[in-house]
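For reference, the structure discussed in these notes is given below.
The values are calculated or read from the model by the stated rules, or taken from the named source; none is laboratory data. Quick caveat: nothing in here was measured; it's all calculated off a predicted structure. Glycine gets a Cβ as well: all are built from the backbone with ideal geometry, and neighbour counts include every protein chain shown. What goes into the accessible areas is simple: the full protein's heavy atoms, side chains included, and nothing from ligands, DNA or RNA. Shrake-Rupley method; radii C 1.70, N 1.55, O 1.52, S 1.80 Å.
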Amino acid sequence: NVDATITNSQIGYANFLSDATITNSEIGYVNLDGGTPTLTGNTLTDAAPLRTSDPDYLNTSLIAGNTYSAADPAVQVQGTLDADKTFETIDGQVSTFQLTGALTVPAGVTLMLRPDATLMLGPGTNPYLDVDGALLGLGADVLGIAYGGAGSISLQGGQVNMATGYPGFTGSLNLADV
């Protein structure tokens, strides 16, 4: 939890509350819950190689040139956005953002999904997306939301820009006051 540079190491997991740099190492997974670490040239081995309970610290521009050994790696995310955030493919390999709890988009804040990104609800213990701000799909006709059989999406007075009823979505949208 201090500013540091780690190179050529084998790490089970790293929990960041500061601005560290990890390069050319093997890492199980990284918790991004504070600070903005730089990850380059690493191999991440866990199926959920990136995790955060504060999505404002998920700065994908500092995560580059890594490889992921899991078949379908996902970013595990929950928490409250304090500012606009865009979910997009990381390193050309990680495009699923899996909710492991509540993800809240308050009034005045926008969560944007690039066409190559998917927001996955579940599996987990009651993951849900609560939007009072805006949920936007950028550059695509449909917003990529996959429903794993648990959780819910609630749009309370928020804005949504998407098509419903597309293949793979078997859940429901609660569109109150939209």
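Quick notes on this structure:
- Looking only at segment 51-83, and only at residues there that are assigned to a loop (DSSP other than H, G, I, E, B), open to solvent by 50 Å² or more (accessible area, probe 1.4 Å) and touching a Gly at 6+ places or on another chain (Cβ under 9 Å), the one that is farthest from PHE97 (Cα to Cα): GLY65
- Test result for VAL105, in contact with an Asp or Glu (Cβ under 8 Å, 6 or more places away or on another chain), more than 18 Å from THR5 (Cβ to Cβ) and open to solvent by less than 10 Å² (accessible area, probe 1.4 Å): yes
- Residues (open to solvent by 30 Å² or more (accessible area, probe 1.4 Å) and in a loop (DSSP other than H, G, I, E, B)) located in segment 7-49: ASN8, SER9, LEU17, ASP19, ASN24, ASP33, THR36, GLY41, THR45, ASP46, ALA47
- Residue list for segment 82-100, restricted to those being in contact (Cβ under 8 Å) with a residue 40 or more places away in the chain and either on the phi > 0 side of the Ramachandran plot or touching a helix residue (DSSP H, G or I) at 6+ places or on another chain (Cβ under 6 Å) (or both): ILE90
- Residue match in segment 88-96 (condition: open to solvent by 40 Å² or more (accessible area, probe 1.4 Å), under 10 Å from the mean Cα position of the chain (by Cα) and among the acidic types (Asp, Glu)): yes
- Close contacts from segment 15-28, counting a first residue that is modelled with pLDDT of 90 or more and a second that is open to solvent by 70 Å² or more (accessible area, probe 1.4 Å), with Cβ to Cβ under 6 Å and a gap of 6+ residues or different chains, come to ASN24/ASN8; GLU26/GLN10; GLY28/TYR13.
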